[in-house]
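I have placed the structure first, in the form of structure tokens, so that the comments after it can refer back to it.
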Amino acid sequence: MPCPLESTILITGGAGFIGSNYLWHLNKHHPNAKLVNLDSLTYCGNLANLEGLKNNYTFIKGNICDSQLVNKIFEDHQPNIIVNFAAESHVDRSILDPQLFLKTNIIGTQVLLDAAKKHMRDGLFLQVSTDEVYGSLGPEGCFTEESALKPNSPYSASKTSADLIAYAYYKTYGLPVIITRCSNNYGPYQFPEKLIPLMINNILQLKKLPVYGDGKNVRDWLYVEDHCKAITQVIEKGTPGQIYNIGGHNEMQNIAIVKLLIDKISQLLQEESYAKLANPDKINYDLIDFVKDRPGHDKRYAIDPTKIENEIGWTPETTFEQGIVKTIKWYLDNLKWSQNIINGEYKNYYQNMYGK
């Protein structure tokens, strides 16, 4: 059953990386949609991501675990599309503090589902999930929607639980729920703790580039704008009760990503517009620092997006070569954005974990 986007859409976690990109995507391609953004503005929620977003847009600071607030939002704004990006998402942090991830990612999702069941008459609840719920792959094959769920970290276990609860609300209460599971996203506004922006920032500061283990862990990379387009098409064309894997056809080892970033940044710093940012002669593979591997570090993820390609008509448009250059240029053009985060309340964590 198609779901029109020219309506009221509740975006949770809209001040984060993918959520903010999705709000900009909707603002550009569906300007008549009324956008409501609920975000608790934890360390990785950043209103600077949304500066200039004004038309038909409302920001509400609050936690998805706050049942009273969530129900009031449904009563006041009457959204008929909910896109749940809100989640604690960094694996390293989930190892240090699992309880926070269980509370936000599981209980928070259940609170949203309850409010949608109570208030939403027609519409759609889209649960944005991750390929990490499937666990780790061997050297061959790809995850499909039928793959077994075998999460290996507190983060992925919490997302798996949220998916199962969302599906249970579809089966038990008839709530129109769709689950999407994406591969690793990259692009503008990604928080500096993640691999690609972390490496970009460290390269520019000539800091060591920490790489877990032997660096041969494989991820499938998806440019964030392609992900935003996929979500929109799933809302418009997807079938409630279904799961759609969203992958980028870009499998790469972590060490290959780091080396590519070194090469591309060195090349870009030769251009006049970026020449004063750093000394390209000092940017080389000697900056790479192999560190002790992360506990439960999945060896390989790879997504088979055949279902969404066949049923929805979505395919990724951005090659990794194109997307990584656009991403690097965005960070080079927005150094103040990164520095404001690194120098703020995130500073001590960033320095303790990555600043060596």
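What is the spin-label model distance, in nm, from LYS208 to TRP330 if the labels are put 7 Å beyond Cα along the C-beta direction?
Computed distance between label sites LYS208 and TRP330 equals 3.0 nm.
Quickly rank 219-231, 282-294, 44-56 as a protection proxy: mean count of other C-beta atoms within 10 Å, highest first.
Highest mean packing first, the order is 219-231, 44-56, 282-294.
How far apart, in nanometres, would the label points at ALA48 and LYS103 be if each is projected 7 angstrom from Cα along the Cα-to-Cβ direction?
Placing both labels 7 Å beyond Cα along the Cβ direction yields 2.7 nm.
Between ASN55 and ARG121, how many nm apart are label points set 7 Å from Cα along the C-beta direction?
It works out to 2.9 nm between the two label points.
Where Lys and Arg each count +1 and Asp and Glu each count -1, what net charge lies around ASN250 among other residues with Cβ under 11 Å from its Cβ?
After counting each charged neighbour, the total is -3.
Given a cut-off of 15 Å, what percent of all Cα-Cα pairs of region 206-279 lie beyond it?
70
Under unit Cβ charges (Lys, Arg +1; Asp, Glu -1), what dipole magnitude, rounded to 20 debye, does region 207-257 have relative to its Cα centre?
In debye, rounded to 20, region 207-257 gives about 240.
Springs between alpha-carbon atoms under 10 Å, Gaussian network over the chain: tell me which of SER147, SER183, SER156 tops the mean-square fluctuations.
Highest fluctuation of the listed residues: SER147.
Filter LYS159/LYS299; LYS207/LYS276; LYS264/LYS336; LYS150/LYS326 down to the pairs with a C-alpha to C-alpha distance above 27 Å, please.
With Cα atoms farther than 27 Å apart: LYS150/LYS326.
Can you list the lysines whose alpha carbon is less than 22 Å from that of LYS237, not counting same-chain residues fewer than 8 positions off?
LYS28, LYS34, LYS117, LYS171, LYS229, LYS307
Taking the dipole about the Cα centre of the chain, with the C-beta of Lys and Arg at +1 and of Asp and Glu at -1, give me whichever of ALA230, LEU164, ASN310 is farthest to the positive side.
Of the options given, the answer is LEU164.
Take every Cα pair under 8 Å in region 1-53 that's 6+ residues apart, average their separations, divide by the length, and report that relative contact order as a whole percent.
45
Quick one: Karplus J couplings for region 201-212, per residue in order, coefficients 6.51, -1.76, 1.60, θ = phi - 60°, nearest Hz, x for Gly and Pro?
Values, residue by residue: 5, 5, 4, 5, 9, 6, 8, 4, 10, x, 10, 5 Hz.
Could you work out how much longer the chain between THR172 and ALA256 gets when fully extended? Use 0.36 nm per residue separation minus the Cα distance between them, nm to one decimal.
Length gained between THR172 and ALA256: 25.7 nm.
Percentage of Cα-Cα pair distances in the chain greater than 26 Å, rounded to whole percent?
Here the tail beyond 26 Å accounts for 48 percent of pairs.
Work out how far the C-alpha atoms of region 161-227 reach from end to end along every principal axis, then list the three figures in whole Å, largest first.
Rounded to whole Å, the extents work out to 55, 26, 17 Å.
Stick to Cα atoms and the Kirkwood definition of Rh, then tell me Rg/Rh for region 230-321.
A ratio of 1.13.
Could you compute the FRET efficiency for ASN71 and THR306, with r as their C-beta to C-beta distance and R0 at 45 Å, rounded to 0.05?
Here the calculated transfer efficiency is 0.70.
Percentage of Cα-Cα pair distances in region 94-142 greater than 15 Å, rounded to whole percent?
64
As a test of understanding, state the convex hull volume per residue of region 1-130 from its alpha carbons, in Å³.
Taking only Cα atoms, region 1-130 has a hull volume of 101 Å³ per residue.
If I take R0 = 51 Å and measure r between the Cβ atoms of ILE288 and ALA148 in this structure, what FRET efficiency does the formula 1/(1 + (r/R0)^6) give, to the nearest 0.05?
So, using R0 = 51 Å, E works out to roughly 0.90.
Stick to Cα atoms and the Kirkwood definition of Rh, then tell me Rg/Rh for region 108-237.
On the Cα set of region 108-237, Rg over Rh gives 1.03.
A short reminder: the numbers here are calculations on the coordinates, not readings from a lab. Keep in mind that what you see is a predicted model, and the values were worked out from it rather than measured. Using ideal geometry, Cβ is built from the backbone for each residue, glycine included, and neighbour counts are taken over all protein chains shown.
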